[in-house]
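K.L.:
The structure is given below, and queries will be raised subsequently.
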Amino acid sequence: MRVTMIPGDGIGREIAQAMMQVVDASGAKIEWEIVHAGETVLQETGELVPQAVYDSLERNQIAIKGPITTPIGQGYRSVNVALRKKYDLYANVRPIRSVGQTPSLFEGLDLVLFRENTEDLYAGLEKKISDDEMHSIKVITRSASERIVKQAFDFAVSHQRRRVTVVTKANIMKLTDGLFLEVAREVAKAYPTIEFTEILVDNMAMQLVINPQQFDVIVTENLYGDILSDLMAGLVGGLGIIPGANLGRNMAIFEAVHGSAPDIAGKDLANPTALILSACLMLEHLNESEAASRIRQALDQVLSHPDNFTRDLGGHIGTTAFTNLILAAMQ
Ligand code: NAI
Ligand code: MG
């Protein structure tokens, strides 16, 4: 199976290297088509995403990518947001679970967040009214809301989950969030075996911190999903261990939740677990479940010992040494 691989910026190359080594050792037959996008390419070619990247994505329809730095300021759109929009990767799925004995605030937490990935305030509709006033337009459509909520419920059914919670701020944004909530209520009726609950996003932030076990599958809009998923990562050991999938009808792009971590780039300090787990989601998507579970078992085993933790988890081990431990555990 040929897969597009975009290493990305910052810690991207280090963790991509680790991820490919682990996947290659798992028994999965993956052929990597490596193409480059991001800051480094921008300096070389003047383009954040060269045409070769689009060509590769369209040819393979499946990809895994490292993080890409988005320069703050005008003139640059986030590559991530652009790819999600261009290929209509409408579902951003983020499983929140600790691995092995990673320092989790809650035992056995197992949540899955479904984040709408194409609209909301990420639609890119920002407008300058004057030097002193800027507007950003929030877009919510019935069709995009319906397909993400359906995806969350379908997942709940196929994975024997008990509950789906929809998160909005419909009390204030009565039209946009109101529509998302109304659609969620309608969709929920078609799934009588799954319990449906609704909550406002501010209360959700607090509930996640004091009692996250009450939740199971969570579905929300783009901005709330972005923020809450980082919060949820913090509940189970941080951004270094949370994978993600961007799913559309014709394409899937897998990536970690975290960014390019410029503060630790090039220092052999990055935790590759999140990207390796993203590869597991990709292998499962490709029906390579055996290879995926071999990798998951090795990660669980290695991360059961605090001696094997990278610095983000409170340990001292570097990216390369950590990767070698996983490779050894898979033998
Ligand atoms: P970040 O996620 O890169 O870093 C936040 C903190 O977590 C930092 O202290 C970092 O060292 C740590 N961290 C993140 N991943 C880690 C890992 N694998 N191992 C160990 N520690 C890790 O977020 P930040 O600093 O806000 O963003 C940096 C850049 O990344 C920005 O340009 C941003 O736009 C971009 N970004 C890209 C994403 C993507 O490509 N999907 C997603 C999020 C941010
Ligand atoms: Mg984010």
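The values are calculated or read from the model by the stated rules, or taken from the named source; none is laboratory data. Quick caveat: nothing in here was measured; it's all calculated off a predicted structure. Don't worry about glycine lacking a Cβ; one is built from the backbone with ideal geometry, like all the others, and counts go over all protein chains shown. Areas reflect the complete protein model, heavy atoms only, side chains present, ligands, DNA and RNA absent. Shrake-Rupley method; radii C 1.70, N 1.55, O 1.52, S 1.80 Å.
K.L.:
List the pairs whose first member sits in the range 305-331 and is closer than 19 Å to residue 280 by Cα, whose second member is open to solvent by less than 30 Å² (accessible area, probe 1.4 Å) and among the hydroxyl-bearing types (Ser, Thr, Tyr), and whose Cβ atoms are under 6 Å apart, counting only residues at least 6 apart or on separate chains?
P.N.:
Hits for this filter: 322/310.
K.L.:
Any chance the range 145-160 includes a residue that's surrounded by fewer than 20 Cβ atoms within 10 Å (Cβ to Cβ), out of contact with any Lys or Arg (no Cβ under 9 Å at 6 or more places or on another chain) and farther than 21 Å from residue 246 by Cα?
P.N.:
Yes - at least one qualifying residue is present in the range 145-160.
K.L.:
Looking at the range 266-278, which of the residues that are in contact with a strand residue (DSSP E or B) (Cβ under 6 Å, 6 or more places away or on another chain) and more than 7 Å from ligand 1 (Cβ to nearest atom) is farthest from residue 112 (Cα to Cα)?
P.N.:
The selected residue is 275.
K.L.:
If you check 161, 115, 84, which single one turns out to be assigned to a loop (DSSP other than H, G, I, E, B) and under 21 Å from the mean Cα position of the chain (by Cα)?
P.N.:
None of the other options fit; the residue is 161.
K.L.:
I'd like the full set of residues that are assigned to a loop (DSSP other than H, G, I, E, B), open to solvent by 10 Å² or more (accessible area, probe 1.4 Å) and either touching a residue at least 24 places away in the same chain (Cβ under 8 Å) or touching a Gly at 6+ places or on another chain (Cβ under 9 Å) (or both), limited to the range 281-304.
P.N.:
Selection gives 286, 288, 304.
K.L.:
Within the bounds of the range 120-132, is there any residue that is more than 15 Å from ligand 1 (Cβ to nearest atom), at pLDDT 90 or above and surrounded by 14 or more Cβ atoms within 10 Å (Cβ to Cβ)?
P.N.:
yes
K.L.:
Of the residues that sit in the range 58-93 and are charged (D, E, K, R) and open to solvent by 10 Å² or more (accessible area, probe 1.4 Å), which one is nearest to residue 257 (Cα to Cα)?
P.N.:
Among them, the one singled out is 84.
K.L.:
Same structure, new question: Scan 18, 63, 28 and give me the residue that is part of a helix (DSSP H, G or I), at pLDDT 95 or above and either touching a helix residue (DSSP H, G or I) at 6+ places or on another chain (Cβ under 6 Å) or not hydrophobic (A, V, I, L, M, F, W, C) (or both).
P.N.:
Sole residue among the options that is part of a helix (DSSP H, G or I), at pLDDT 95 or above and either touching a helix residue (DSSP H, G or I) at 6+ places or on another chain (Cβ under 6 Å) or not hydrophobic (A, V, I, L, M, F, W, C) (or both): 18.
K.L.:
Sort out which residues of the range 203-233 are touching a helix residue (DSSP H, G or I) at 6+ places or on another chain (Cβ under 9 Å), in contact (Cβ under 8 Å) with a residue 60 or more places away in the chain and more than 20 Å from residue 181 (Cα to Cα), and write them in order of number.
P.N.:
212, 232, 233
K.L.:
Inside the range 175-280, counting only strands (runs of 3 or more DSSP E) that do not spill past its ends, which hold 2 or more residues that are within 16 Å of ligand 2 (Cβ to nearest atom) and either modelled with pLDDT of 95 or more or at positive phi (or both)?
P.N.:
217-220, 243-247, 252-256
K.L.:
Assuming residue 263 fulfils every condition listed in (1) farther than 21 Å from residue 330 by Cβ; (2) touching a strand residue (DSSP E or B) at 6+ places or on another chain (Cβ under 7 Å) apart from one, which condition is it?
P.N.:
(2)
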